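Everything on this sheet refers to the single structure shown next.
The values are calculated or read from the model by the stated rules, or taken from the named source; none is laboratory data. Just so it is clear, the model here is predicted, and its values are computed rather than measured. Cβ coordinates were reconstructed from backbone atoms using ideal geometry, including for glycine residues, and neighbour counts include every protein chain displayed. What goes into the accessible areas is simple: the full protein's heavy atoms, side chains included, and nothing from ligands, DNA or RNA. Shrake-Rupley method; radii C 1.70, N 1.55, O 1.52, S 1.80 Å.
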Amino acid sequence: MRQVSIIGIGAGNPDYLTIQAVAAIRQADVFFIPDKGEDKSALKAVREEMLARHGRAGRRLVEFAVPERDRTGAYGDGVADWRGALSEAYRELVRGLGEGERGAFLVWGDPALYDGTISIVQEIQGVELEVIPGISAVQALAARHRIALNRVGEAVTITTARRVRAGEADGLSSFVVMLDSEAGWKRFISEEDTEIFWGGYLGMGEEILLAGRVCEVAGEIERVRAEARARNGWIMDTYLIRRRV
Ligand SMILES: C[S@@+](CC[C@H](N)C(=O)[O-])C[C@H]1O[C@@H](n2cnc3c(N)ncnc32)[C@H](O)[C@@H]1O
């Protein structure tokens, strides 16, 4: 059996690392470090800093290139091909573990939320898997805006911008949107009392928070987001949309 830990490292702030995650980092012998290219080298730096602070001497770092998703064809086909390539890369990494070694993936935020590492590693035969939860961008967003995600007894949905664009959120009262590259909040601009709580680079040095009625702040969020993206070459943002009930 090969031992693998999937460790949630929180969504940006090194202080989001839990005591359980620190202990798991200390126990691992080999860390699988994703290389997502120049643009996102800041994310790699966050992982490396955590290892410098908490990893034990003698740990090994194994870098792997994250395959690019083909966005030209149908969404489902692109995702399936990308997942297949990632799965092959993970198998290779796990095969490279020596006898008795524990390998670890440091997963951004919480591994249970919009992340394929758990499901891909579970498909690999002969792996004993441990999963450590992390603070997701959703929790960071709520804390930084000093709000609860739901009002009393209300449901809250976590969804993607692609689904929002397809109209799936139109009947919801509170929902969190992730993976948005196209200012999906503008869909709600004509709703007078609908609010948005938006966060970019949550927990990181560049963190930006904006909130208000969508009809009033939509343009400002779009402008600030575009400027930040141009400055850094990338952006990650998450937002809660809340309708009047
Ligand atoms: C592939 S998902 C990973 C989510 C992650 N597992 C989590 O628990 O937060 C990536 C999306 O998470 C959100 N995200 C992650 N980190 C963020 C951060 N520091 N600030 C804002 N949004 C973030 C963005 O919506 C981004 O598009």
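Computed values, structure above
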| quantity | calculated |
| --- | --- |
| Qualifying residue in region 188-204 (condition: modelled with pLDDT of 95 or more, within 30 Å of Ile7 (Cβ to Cβ), away from the ligand (no atom under 14 Å from the Cβ) and exposed (fewer than 14 other Cβ atoms within 10 Å of the Cβ)) | no |
| Number of positions in region 16-36 that are open to solvent by 30 Å² or more (accessible area, probe 1.4 Å) and free of Cβ contacts under 8 Å to residues at least 60 places away in the same chain | 5 |
| Extreme residue, farthest from the ligand (Cβ to nearest atom), among residues of region 161-176 that are surrounded by fewer than 17 Cβ atoms within 10 Å (Cβ to Cβ) and not in a loop (DSSP other than H, G, I, E, B) | Arg165 |
| Counted residues, region 138-159 - those being open to solvent by 20 Å² or more (accessible area, probe 1.4 Å) and either small (Gly, Ala, Ser) or within 16 Å of the chain's Cα centre (by Cα) (or both) | 6 |
| Region 92-143 - residue that is among the aliphatic types (A, V, I, L, M) and in a loop (DSSP other than H, G, I, E, B) and, of those, farthest from Leu17 (Cα to Cα) | Ile124 |
| In region 206-228, the residues that are surrounded by fewer than 16 Cβ atoms within 10 Å (Cβ to Cβ) and within 17 Å of the chain's Cα centre (by Cα) | Glu206, Glu207 |
| Residue within region 66-76 that is at pLDDT 90 or above, hydroxyl-bearing (Ser, Thr, Tyr) and away from the ligand (no atom under 13 Å from the Cβ) present | no |
| Residue that is surrounded by the fewest Cβ atoms within 10 Å (Cβ to Cβ) [pool: residues in region 1-15 that are within 14 Å of Arg102 (Cα to Cα) and among the aliphatic types (A, V, I, L, M)] | Met1 |
| Failed item in (1) surrounded by 16 or more Cβ atoms within 10 Å (Cβ to Cβ); (2) over 17 Å from Trp108 (Cβ atoms); (3) not polar (S, T, N, Q), with Gly58 passing the rest | (1) |
| Enumeration of residues in region 61-73 that are without any contact (Cβ under 8 Å) to a residue 12 or more places away in the chain and either open to solvent by 60 Å² or more (accessible area, probe 1.4 Å) or closer than 16 Å to Asp115 by Cα (or both) | Arg71, Thr72 |
| Counted residues, region 37-55 - those being modelled with pLDDT of 85 or more and surrounded by 13 or more Cβ atoms within 10 Å (Cβ to Cβ) | 7 |
| Subset of region 109-124 (residues that are within 8 Å of the ligand (Cβ to nearest atom), out of contact with any strand residue (DSSP E or B) (no Cβ under 6 Å at 6 or more places or on another chain) and open to solvent by less than 50 Å² (accessible area, probe 1.4 Å)) | Gly109, Leu113 |
| Considering residues of region 137-157 that are among the small types (Gly, Ala, Ser) and touching a residue at least 12 places away in the same chain (Cβ under 8 Å) only, the residue nearest to the ligand (Cβ to nearest atom) | Ala137 |
| The lone exception for Leu179 - which of (1) open to solvent by less than 70 Å² (accessible area, probe 1.4 Å); (2) at positive phi; (3) within 16 Å of the ligand (Cβ to nearest atom) it fails | (1) |
